[in-house]
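Undergrad: One structure is given below, represented as structure tokens, and several questions about it will come after.
Coordinate-derived values only; no laboratory data. Since the model is a prediction, treat every value here as computed from it, not as a measurement. With ideal geometry, Cβ positions are generated from the backbone for all residues, glycine too; neighbour counts draw on all protein chains shown.
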Amino acid sequence: MQIFAHTLPLVSKAGTLMPPPLSLRPGQVVLATVVQVYGEQALVRIGEYVLRAALSVPLEPGARVWLQVQDAAWPLVLRVLPPLPREAGHSGSSRAPNEAAILRALGLPADDAALRALRALVAAELPVTREAVEALRAYLVARGGTLTETETSAALAALLRGLPLTPATVEALHAFSFGPGLAALWVRFVEAAQAQLAGRGDAAAASAPVPDGREAGGNAVAALLAQLLQLGPRVFLRAERPKPDCLRRALRLLGLELETTFAARRRHGAPEEENAAETLKGLLLRLLEHEASLSEPLRQAAQQLLRHLVGQQLALLSDPQAPFVHAILQLPLPFGDPRETATLHVAARKEGAKVDADCLHLYLSLPLPHCGDTAVAADVYEGHLTVTVWTRHPGAEDAVHRWAPWFAERLAACGFRLCALRWKPLDGDPEKTPPVLPAIIRYKGVDVRV
């Protein structure tokens, strides 16, 4: 269902794992909050989005209700699920969730694992479906019944991208989101590689008996390490003055398109180019084929870096059946501390296999050498752009206002109109910043019926 253009996207959260744009499907259960009521219509917040709903049952502002999506008709019909009896301390407009009723509505047993899975989805304010609860329940059982908060976030990220809930998938997303950043992992790898090339390596490995073939493996390792160390400055934009296409080139050199490139060439019957594997990921895979010849610090650094790259690939994916894309990308910085990395979130409507540039939200978190931690949020709707900058630098507000005309000219040359360029102190909470796209004002219909 195409509802993104009729919603109010809220400013993205600062964490790496963010809820994707909303997609409602028959049978899905969601927790909604009534924002405002206008006679027989209301604004209803579901997750990160506000929808206009036509009401056939009385609801009050502030009410929190469980809704189940009915058949895929238009506009979508959401049925109110039964609440628990009113509890002490709850206001008259509050409806506590009936977890057992929700699981029954989904056709699932109300056992402990299913309840834990349901609560995890609800706590993250993410849509509840039978498939999501079943998959998370099975993963919980396989992992002993409990997950840490960060493991749960990684598992939910896998579910919402249509990925299988396997240990490898969750571990890769967990490493990408909650582990050291890409640049820091590369610095650690370079230190371990230089140590091995210098003949120091791991003391235990150096004192162990040398098996047959170790010398040949050592030569192959030395050659691969030399290739990796030569490739690194190009990937992390330290080799030369950055060019307009430097980020696209850096992402290709990381190896994030490796499998896609191989698959496309096989489909067309073309031979695989030898240099297609000469990427950071491709070289790491080849290096780990010689695991016995690696020092322990180098082996661990290579595995951590490879796991992070796999997590990055997964974070760029979205559910193929969803009409929206939500991608997360870590970007190398050509300046400042070489261990620092910027993180970019892109939430947008799909237009075929491409991103619709007329309806998207960008959120960039990056450390700047002279400004410190900085966050930038940009909302684009039908060629109109609103930008908000958060930083602690005392001169940032004046700089933002001074550069606004120059920025507006550059955007106009690209076909965009700058509606607002604002600065906010980072000490404030970016998550609580109000919506900046009044897309719903021009929309006269309704998105859902309750």
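Undergrad: Using θ = phi - 60° and the Karplus relation 6.51 cos²θ - 1.76 cosθ + 1.60, list the HN-Hα couplings for the range 412-421 in order, rounded to whole Hz, with x at every Gly or Pro.
TA: Values, residue by residue: 4, 5, 9, x, 10, 10, 7, 7, 7, 10 Hz.
Undergrad: Gain in length, Gln36 to Glu296, computed as 0.36 nm per residue apart minus the alpha-carbon separation, to one decimal in nm?
TA: Taking 0.36 nm per residue and subtracting the Cα distance, the gain is 87.7 nm.
Undergrad: Taking amide H positions as placed in the peptide plane 1.01 Å from N, state which residues far from Asn98 in sequence (5 or more) or on other chains have amide H under 5 Å from it.
TA: Those qualifying (amide H under 5 Å, at least 5 residues apart or on another chain) are Leu84.
Undergrad: Using the basic label-point model (7 angstrom from Cα toward the beta carbon), what is the Arg25 to Ala420 distance in nanometres?
TA: With each label placed 7 Å out from Cα toward Cβ, I get 3.6 nm.
Undergrad: Right, next: What are the ³J(HN,Hα) values, in whole Hz, obtained from phi via the Karplus relation 6.51 cos²θ - 1.76 cosθ + 1.60 with θ = phi - 60°, for each residue of the range 299-310 in sequence order, with x given for Gly and Pro?
TA: Along the range 299-310, the couplings run 4, 5, 5, 5, 5, 5, 5, 5, 4, 5, 5, 5 Hz.
Undergrad: Related question: Given H placed 1.01 Å from N in the peptide plane, which residues other than close sequence neighbours of Val35 have an amide H under 5 Å from its amide H?
TA: Leu43, Val44, Arg45, Gly62
Undergrad: How much length would be gained if the chain were fully extended between Arg249 and Glu60, taking 0.36 nm per residue of separation minus their Cα-Cα distance, in nm to one decimal?
TA: The Arg249-Glu60 span can extend by a further 62.8 nm.
Undergrad: When the Karplus curve 6.51 cos²θ - 1.76 cosθ + 1.60 is applied with θ = phi - 60°, which whole-Hz ³J(HN,Hα) does each residue of the range 368-374 get, with x for Gly and Pro?
TA: 9, x, 9, 10, x, 4, 9
Undergrad: At 7 Å along Cα-to-Cβ for each site, give me the label-to-label distance between Glu382 and Leu344 in nm.
TA: Between Glu382 and Leu344, the simple spin-label model gives 2.7 nm.
Undergrad: Now, a different point. Can you pull the one-decimal nm distance between simple spin-label points at Leu229 and Arg104, each 7 Å off the Cα toward Cβ?
TA: 6.8
Undergrad: Give me Lys354, Lys281 sorted ascending by neighbouring Cβ count inside 10 Å, so fewest comes first.
TA: The most exposed by this proxy come first: Lys354, Lys281.
Undergrad: Continuing with this model, one more query. For Asp373, which sequence-distant residues (separation of 5 or more, or a different chain) have an amide H within less than 5 Å of its own amide H, given hydrogens modelled in the peptide plane?
TA: Leu368
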